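One structure is given here, and the rest of the page talks about it.
Every read-out reported here was derived from the displayed coordinates using simple, explicitly stated rules and does not represent laboratory data. Since we're looking at a predicted model, the values are computed, not measured. Heads up, the Cβs are rebuilt from the backbone with ideal geometry, glycines too, and the neighbour counts pull from every protein chain shown.
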Amino acid sequence: MTDDKKQNPAAVAAVAANGIAVETRSLSVRYGGARALWDVSLRVPARGITALIGPSGCGKTTFLRCINRMNDLVAGCEVSGEVLLCGEDIRGADVVRLRTRVGMVFQKPNPFPKSVFDNVAYGPRIHGIAKNKSDAEEIVESSLRRAGLWEEVRDNLRKPGTQLSGGQQQRLCIARAIAVRPEVILMDEPCSALDPVATGRIEELMFELRGEYTIVIVTHSMQQAARTSQRTAFFHMGRLMECGDTEDIFTRPQNEKTRAYITGRFG
Amino acid sequence: MKAKKTMRVSPHANPAFDRDIAAVAGVLAEMEEEVAGQLLAVSAAFEEMNLSKAWAVRKHDAALNRQLETLEERTVAALARHQPVADDLRRIVGALKTGIEYERMGDYVKHFAKSVGKFVAHHESLEVFPLLSQMAALVREMFAEFRAAKNDGDLEKLSQVWLFDRRIDDACHAAVEDAFLNQRRGDGNAHSLVHAVSVAKNLERIGDKIKNLVEIHYRQETGVALDLEAD
């Protein structure tokens, strides 16, 4: 293997010091005249799963997209406040570098129209993590193993990624995300297009990855949030209403709106 | 105590959930009514030393067992269909626990009724009987206060019901002591005295069960345990 993960020593030290991978301070977002997020201050602990829940349009995906500056691409979008990744303000960060540190998995699996192998090797190649064929092979295998897909595709690495099943495609996307060794993985409803069995595989994978990565997941499934995460944040109309240990949120929520939402009294 | 009233409950977005919870609550209400009726009936059988009334109480206990089965089916269905959380989950779990307590209370009432049968068979009228009557009245009062506090959603009143159990414990000690004194004096046959002690213990256990109901209901409504031991 080539040089190992190139982490910023200051960032590593920052996480080690306070255990926080992502922190937002008074984060607000506007789309044109509409305000999507209002002064959200939230701390996401490192190496664990934080679930973002709330009704449609509450700002959870907008919040997620702020963590790797995907909102930069949205016309008319204004972001104010701070987003700190391992203690560093991401506003001045190089976006390409930022996105190697913060991977993203989307609602619908979106493999590249390339082979399984190339889907995973693409990122490490363009970011210089894989310097030769041997590096790429090693990264592809380890990433696919960690994504729980290796045994299923090892004999079909040249097969197009798009020919895999929906659940396999999503695990391929996760393998692609972890191939560039991010610190944070953002997941935007990663199981919404999957059947219960494939969903179970993804959740199990998240469980296995949580010791190594900071995972932030947006989900509309209360049960998924309760099953997979250690921390849960509830958003409502662009505001962070409550954030706490998942067990507390789902058994003894403090905020009346949180209680009403998780018990299905509005949505 | 900070929380005085139970929480306000608004309907679910999915009305089927409310219907399933109402179905659970309906069975529970029937069981509660059944227990109250059985307590009253066994007290009357004891006061009147009426064998047929005692027998009717014993026979009627099967109704509570059937209701518990229905409650189990409905709670399991609600859990499976809606996967409730927070106060909904506590209500469903609390309903099941409450139903089990009611069913046990029914068993103790049945044992009481069996003892009434023995007293009638031995034509006994022991000195301890008035104490047992008072104890039965206390138990009925405690249960009635539990129902009132629950229906009013009054958590403070509920705590008072919890403390009420001490009166029943004291009454039980007095009754058992009296029964032993009866025995030392050679008053009444041993068999009846054993049954008198058994009635006192059954009533004392019903008091414990009502105390459990208070704890279950308190946790269900607040999410925290009722802890009055330190008070």
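Proximity of backbone amide H atoms, modeled 1.01 Å from N, is registered between A:ALA36 and A:VAL29, A:ARG30, A:TYR31 at under 5 Å, excluding neighbours fewer than 5 places apart on the same chain. Cα centroids of the stretch B:65-104 and the stretch B:184-228: 24 Å apart.
A simple rule links phi to the HN-Hα coupling: the Karplus curve 6.51 cos²θ - 1.76 cosθ + 1.60 with θ = phi - 60°, which for the stretch A:185-202 gives 10, 9, 10, 9, 6, x, 10, 5, 9, 10, 7, x, 5, 5, 4, x, 5, 5 Hz, with x for Gly and Pro.
Each of B:ALA144, B:SER43, B:PHE119 was scored by the projection of its Cα onto the charge dipole of the stretch B:15-222, and the greatest displacement toward the positive side belongs to B:PHE119; charges sit on the C-beta of Lys, Arg, Asp and Glu. Remark: the stretch B:151-158, residue by residue, has Karplus-estimated 3J(HN,Hα) of 5, 7, x, 9, 6, 5, 4, 4 Hz, where x stands for each Gly or Pro and the curve is 6.51 cos²θ - 1.76 cosθ + 1.60 at θ = phi - 60°.
When a/c is below 1.5 the answer is rounded, else prolate if a/b is larger than b/c, else oblate, so apply that to the stretch A:3-262 with a ≥ b ≥ c taken from the square roots of the Cα gyration tensor eigenvalues. Judged from the Cα gyration tensor, the stretch A:3-262 comes out prolate (a/c at least 1.5, a/b above b/c). Shape class for the stretch B:44-167: oblate, because the ratio a/c of the largest to smallest gyration tensor axis (alpha-carbon atoms, square roots of eigenvalues) is 1.5 or more and b/c is at least a/b.
Here the Karplus relation 6.51 cos²θ - 1.76 cosθ + 1.60, evaluated at θ = phi - 60°, turns the backbone of the stretch B:51-56 into coupling constants of 5, 5, 5, 5, 5, 4 Hz, with x for every Gly and Pro. What is the log10 of I(q)/I(0) for the stretch B:104-205, computed with the Debye formula using one identical point scatterer on each Cα and no solvent, at q = 0.11 Å⁻¹? Calculated log10 I(q)/I(0) at the listed q: -0.37. What you get for chain B, charging only the Cβ of Lys and Arg (+1) and of Asp and Glu (-1), is a dipole of about 320 debye around the Cα centre.
Per-residue Cβ neighbour counts within 10 Å put A:VAL22, B:VAL93, B:VAL199 in the sequence B:VAL93, A:VAL22, B:VAL199, beginning with the fewest. For the protein assembly as shown, the Cβ-based charge dipole about the Cα centre amounts to some 1760 debye (Lys, Arg positive; Asp, Glu negative; other atoms uncharged). If you count Lys pairs in the stretch B:1-123 whose Cα atoms are under 17 Å apart, skipping same-chain pairs closer than 8 places in sequence, the total is 7.
Relative contact order, whole percent, for chain A stands at 26, derived from Cα pairs under 8 Å and 6 or more residues apart. With the Cα gyration tensor of the stretch A:101-219 giving a ≥ b ≥ c as the square roots of its eigenvalues, does the rule (a/c under 1.5 for rounded; else a/b larger than b/c for prolate; else oblate) give rounded, prolate or oblate? Cα axes put the stretch A:101-219 in the oblate bin. Taking 37 °C and 0.692 mPa s as the conditions, I'd like the Stokes-Einstein D for the protein assembly as shown in µm²/s, using the Kirkwood hydrodynamic radius from alpha carbon pairs. It comes out at roughly 121 µm²/s.
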